Each structure stands twice: as C-alpha cells, then as structure tokens.
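The values are calculated or read from the model by the stated rules, or taken from the named source; none is laboratory data. Only a predicted model underlies this, so the values are computations on that prediction, with no experimental measurement involved. Counting neighbours? That spans all protein chains shown, and the Cβs are built from the backbone with ideal geometry, glycine included.
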Amino acid sequence: MALLDVNHLDVRFAMRRGDVQALRDVSFSLDKGERLGIVGESGAGKSIAAFSLLNLISKPGYIAGDSSMVFDGQELVGLSDRALRRIRGHRMSMIFQDPMMTLNPVLTIGDQMIECLKAHRRISTRDARKISLEKLQLAQIPAPEARLEQYPHELSGGMRQRVIIAIALLLDPDIIIADEPTTALDVTIQAEVMALLLELCEKHDVGLILITHDLGVVSQVTERMLVMYAGRVIEQGPTREIINNPLHPYTQGLIQALPQMATPGSRLNQILGSMPSLDNLPTGCAFHPRCPFATLEDGRPRPGCRDRVPGLSGTEARQVACHMVAENMPTPPGQADQLATAEESQ
Ligand code: SF4
C-alpha cells in the first residue's frame, strides 16, 4: 500500500460570483522513500495540490467533492486541526520557496528549532538543542554551534535554505513537500541545495514531493512526475519515460522550451499563449487554444478537442489526458467503460 494516496482531489475557492475550481480530480500516490515531481507553469495548480496535503488552503478555499487523501492508512480530509497538527511538521514537513516565509526574523535559529521540537515532543531544552545541532550538521552547515545563536538575517540565502532543510528534518518526517525550494537562490547555490535535499532524502528514506516549474531539476531528482495544466493532471508516469518520450502536447512544449533544446544563436522555443484563468477555462481540452494539434492538417478542428474534456488514459503507470494520444493508445481491458463514464460526467 502506498504511504500517501490522493484520490479525486477537488479544491475550490468560494467567490461572490460562484466557486472557482482550482483543482479537478487530481489523483496520485507516493510510496515510502519515493520522489515525485509536480510540474507546470504558474497557475497550473501544483502548489495548491501541495498545500492541500497539509490542509494549508486558507478561506475562501476548501477541499470539496469526493476528495480523499489517505496518509499511512489515515484519511486526512475532514481531520481535526489538532489531529492534523500531529502530522504536519512531524510526519510531513514543508519547505517553502522563500526561507523567510518559514523563519521567524526575531528569534535565533536555535530558539526556533528548539521551540519546534518542544511543540511536538516532550523533550528537555538541552536534548532539543542537541538534536538541532545534529540536524544542522546533517544539512552540512559550517560552524553549526555558532549558527544556533544567529538570527536569519545574519545568514546568506543558501545558508537559510539549508537551515530550512534542517528544520524540515527535525522531527524525522516520512515525507518532505518542497515548493520551488531553490527558485529564490542564485543559480550556483541552487544545484548545491538540491543535491543536499536529494542526498538527505535518499539516506534517510524520506519521500519527496517536489513542486517546480523546472523540468531540469525534476529529471535529476525525481523518479515519477505529474504534469499539471489548469488544475488537472494531464500526464503522469516515470520521470525518465516522460522526459525521453513526452506524449501530451503541453509536456512536449515544456521540454522543447528548455534552454538546452534551443539551437545556438536562435530564440528559445516557447509555448504560445498563456495559462487560462481558472474562472474562465476554455471549453473541451483547456489546452486547445495553445495546442498545435487542435486543428487538423486540412484546417478542421480535431474531434473532441474543443468540446470534450479528455480524461486520463493509459496504464496505471503512464497516463495522458489528450484525445489525440488516446486515439493511438491501447486502452487496458476494463478501463474503456470507466473512461467513457468519466468523460460523460465532465
Ligand atoms: Fe491538443 Fe486536443 Fe490533445 Fe488537448 S486533447 S492536448 S487540444 S490534441
């Protein structure tokens, strides 16, 4: 059984003019020690998916419908705040893009780590300090004793993110959710911090959910990946397979847009257009206004693209939501009826 099993996750924001659906029918799982990447442009819904796991969606957002998130056999949807607090930070911890979002500027690093430990465990200040020191050492922070006495503003950006990694490991979590953990750092530091996170997760058998727009990072760090567009998962499978053979036109576009795919001296490739607003999605496939395959060679619209939302099809290991791909993809026995029902209900 997977350590984390997310099924049909549906997140909405109650606005005056009606609900805006930020996530639709998002399903994925994570095994112990596995590393999963969630990629997509800004507004695709990847951070909302991560925040939902820790119930960090603030009002007017809410988890709706038949959403289910089972962690280690326990359903998280509907869990009390108190029960969730025992999981949040303890068994699942989060690394945010900007370390200053997590660190308190008026407390020393040591005080923050000790406070966090004492909030979750019955432990003396002396033992909490000892554990904090060990975690700073694990995060390869030079002069860890001195760092415990420093304030966040006295550290460089890279050092602050290492402290955040140490704090994320403080309570020996099963899963770390990292939301664009290196975006705010200099390019030279990004690789170091990512390599550290990968090494620590591997060494301590910690699962990683990495949220990023950077396909390069996902390909180096994760074993499986989800590609999100307009609040839905549009492709998922083993990272290596997707990077080497992307099936969805949007994933193909993301890979073509990588700087290393451009011909030297020419402009970078790009996906024309932009992510649609969630409160005004195009009909049918949300990607159709940007998709080079939504129109057939003879100028006619491709059947389905403008009027039917494509459901995920394929095997359990590799799935794609695209009418064109589904036409050429054998559907495993038993899935055909499910797909037809799913498409009808959309
Ligand atoms: Fe393009 Fe149609 Fe596939 Fe959407 S369903 S990605 S519009 S080919």
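Right, Ile271: part of a loop (DSSP other than H, G, I, E, B), closer than 21 Å to Gly45 by Cβ, within 16 Å of the ligand (Cβ to nearest atom) and in contact with a Leu (Cβ under 9 Å, 6 or more places away or on another chain) or not? Criteria met by Ile271.
For the stretch 79-87, does any single residue satisfy the condition of being surrounded by 15 or more Cβ atoms within 10 Å (Cβ to Cβ), under 15 Å from Ile175 (Cα atoms), in contact (Cβ under 8 Å) with a residue 60 or more places away in the chain and touching a strand residue (DSSP E or B) at 6+ places or on another chain (Cβ under 7 Å)? There is no residue in the stretch 79-87 that is surrounded by 15 or more Cβ atoms within 10 Å (Cβ to Cβ), under 15 Å from Ile175 (Cα atoms), in contact (Cβ under 8 Å) with a residue 60 or more places away in the chain and touching a strand residue (DSSP E or B) at 6+ places or on another chain (Cβ under 7 Å).
For the stretch 79-119, give me each residue that is of a type in the set (Gly, Ala, Ser) and not in a loop (DSSP other than H, G, I, E, B). Spell out the reasoning first.
Initial filter on the stretch 79-119 (of a type in the set (Gly, Ala, Ser)): 80, 83, 89, 93, 110, 119.
Scanning the stretch 79-119 gives Ala83, Ser93, Gly110, Ala119.
Here Ala195, Ala178 are screened, and the one residue that is assigned to a strand (DSSP E or B) and among the small types (Gly, Ala, Ser) is Ala178.
Of everything in the stretch 207-252 that is without any contact (Cβ under 8 Å) to a residue 12 or more places away in the chain and not in a loop (DSSP other than H, G, I, E, B), the residue that is nearest to the ligand (Cβ to nearest atom) is Gln252. When the residues of the stretch 318-327 are filtered to those that are surrounded by 21 or more Cβ atoms within 10 Å (Cβ to Cβ) and in a loop (DSSP other than H, G, I, E, B), the one that is farthest from the chain's Cα centre (by Cα) is Cys322. Looking at this structure, is Thr283 within 15 Å of the chain's Cα centre (by Cα) and part of a loop (DSSP other than H, G, I, E, B)? No, not satisfied.
If you go through the stretch 291-308 and keep only what is touching a Lys or Arg at 6+ places or on another chain (Cβ under 8 Å) and assigned to a loop (DSSP other than H, G, I, E, B), you end up with Phe293, Ala294, Leu296.
Counting only residues that are part of a helix (DSSP H, G or I), surrounded by fewer than 18 Cβ atoms within 10 Å (Cβ to Cβ) and of a type in the set (D, E, K, R), the stretch 139-173 holds 2 of them.
Within the stretch 297-317, being surrounded by fewer than 18 Cβ atoms within 10 Å (Cβ to Cβ) and more than 10 Å from the ligand (Cβ to nearest atom) holds for Glu297, Asp298, Gly299, Arg300, Asp307, Thr315, Glu316, Ala317. In the set (1) modelled with pLDDT of 95 or more; (2) more than 11 Å from the ligand (Cβ to nearest atom), Ala321 fails one condition alone, (2).
The rows are residues; the columns are (1) among the hydroxyl-bearing types (Ser, Thr, Tyr); (2) assigned by TED's automatic domain parsing to the domain that holds Leu197; (3) over 21 Å from Tyr229 (Cα atoms).
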site	(1), (2), (3)
His8	no, yes, no
Arg16	no, yes, yes
Asp19	no, yes, no
Ala22	no, yes, no
Ser27	yes, yes, no
Ser42	yes, yes, no
Ser93	yes, yes, yes
Thr102	yes, yes, yes
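Annotation note: of Ala321, Ala326, the sole residue that is free of Cβ contacts under 8 Å to residues at least 24 places away in the same chain and under 26 Å from Glu223 (Cα atoms) is Ala326.
Taking the options Ser68, Ser156, Ser93, name whichever one is within 23 Å of Leu185 (Cβ to Cβ), touching a strand residue (DSSP E or B) at 6+ places or on another chain (Cβ under 6 Å) and among the small types (Gly, Ala, Ser).
Numbers: Ser68 fails: within 23 Å of Leu185 (Cβ to Cβ); Ser156 fails: touching a strand residue (DSSP E or B) at 6+ places or on another chain (Cβ under 6 Å).
Criteria check complete, one pass: Ser93.
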